[in-house]
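These notes concern the structure reproduced below.
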Amino acid sequence: MKVILCENYDEMSAKAANIFAAQLTLKPDSILGLATGSTPVGMYKKLIEKNEAGEIDFSAVRTFNLDEYYPIKRDNSQSYFTFMNENLFSHVNIDINNTCIPNGEAEDAEKECKEYEKMLAEAGGVDLQVLGIGQNGHIGFNEPDEKLESYTHVTGLTESTINANARFFDSVNDVPTKGITMGMASIMSAKKIVILASGESKKDAVKALLDDKITTSVPATLLKTHPDVILICDKEAYAL
Ligand code: GLP
């Protein structure tokens with residue numbers, strides 16, 4: 001794993017955006033794997049600026065998002081569908097038909113998972129995946145467990161994740177208790193992965209990412225077996 005240590009959130013976001021810009025320069029029809037949460041918002045802002053400046057073009061890009069709450073209405077202000085539109089899609093020249101997010105409104109969630117995984121495979125897999133990391137080391141909604149799922153699946157959210165994400169909702173009781181997420185094998189099949197970590201609350205997860213152990217109790221540690229992962233983090237996240 002390559003580590004890029006940054007002074008602060010802004011530098012982390014700029015470095016990550018530069019990697020995405022380089023990817024689109026090299027392969028304009030890239031398949032991008034996208035993440036939600038507060039961490040990648042700065043990177044998305046910089047990508048919007050680069051798009052406005054004519055430095056990058058999203059017209060041929062396809063995207064797959066890691067996850068979505070379940071169940072949740074797409075027009076809920078906290079759905080990842082809304083998040084992606086507000087933080088990236090509605091500001092760049094992407095064809096919205098080329099963007100895929102697990103459907104939190106699906107009546108048959110198992111069927112939705114199978115179809116999502118099939119679409120990913122048919123697209124030929126993700127070229128560049130961005131990940132955030134949960135305080136407990138989750139990626140997507142792959143929560144710490146004895147066994148992790150390989151492919152897109154419905155999952156329960158841990159108390160740690162529900163509490164961490166409660167800041168976006170009116171109350172902790174409004175946070176959905178389930179999600180649909182790509183599995184560990186779906187994520188690991190990306191050709192290149194950039195994982196972002198910012199702030200003190202991520203320091204334990206980053207420490208686990210940088211020791212030489214792999215454990216399903218910190219799902220992100222499985223990334224150590226991937227040949228092309230870049231961790232971009234700020235000093236606070238790197239503290240330990
Ligand atoms: C959520 C998302 C993850 C994200 C994580 C960290 O639970 N499902 O994809 O990485 O939270 O979020 P944040 O960046 O807000 O700390």
222 nm [θ] for the chain, helices only, -39500 (n - 2.57) per DSSP H run of 4+, per residue, to 500?
-> -9000 deg cm²/dmol
Please name which of ALA22, TYR69, TYR80 has its Cα lying farthest along the dipole of the chain towards the positive end, using unit charges on Cβ (Lys, Arg +1; Asp, Glu -1) and the Cα centre as origin.
-> ALA22
Pairs of Cα atoms under 8 Å, at least six residues apart: use those to get the relative contact order of region 2-231, whole percent.
-> 23 percent
Expressed in square angstrom to the nearest 10, the accessible area of SER189 with a 1.4 Å probe stands at 70 Å²
Where N is the number of residues in the chain, Cα Rg divided by 2.2 N^0.38 Å = 0.94
With Cα springs under 10 Å, the Gaussian network model of the chain assigns the largest mean-square fluctuation among GLU143, GLU122, GLU86 to GLU122
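How high is the relative contact order of region 37-101, in percent, with contacts defined as C-alpha pairs under 8 Å that are six or more residues apart?
Over region 37-101, the number comes to 41 percent.
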With every protein chain kept in place and a 1.4 Å probe, the residues PHE83, PHE89 fall, from largest accessible area down, as PHE83, PHE89
Determine how large the accessible area of ARG62 is when every protein chain is in place; take a 1.4 Å probe and give Å² rounded to the nearest 10.
-> 80 Å²
Here the residues of region 29-44 lying in the modelled label zone of GLU52, meaning backbone nitrogen under 19 Å from a point 7 Å along Cα-to-Cβ, are 40-44
Solvent-accessible surface (1.4 angstrom probe) belonging to GLU7, in square angstrom, nearest 10 = 110 Å²
Toy charge model, Lys and Arg Cβ at +1, Asp and Glu Cβ at -1: the chain dipole around Cα centroid in debye, rounded to 20, equals 600 debye
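The values are calculated or read from the model by the stated rules, or taken from the named source; none is laboratory data. Just so it is clear, the structure is predicted and the values come from calculations on it, not from any experiment. When we count neighbours, we look across all protein chains shown, and the Cβ atoms used for this are built from the backbone with ideal geometry, even at glycine. Ligands, DNA and RNA are excluded from the accessible area calculation, which covers all protein heavy atoms including side chains. Shrake-Rupley method; radii C 1.70, N 1.55, O 1.52, S 1.80 Å.
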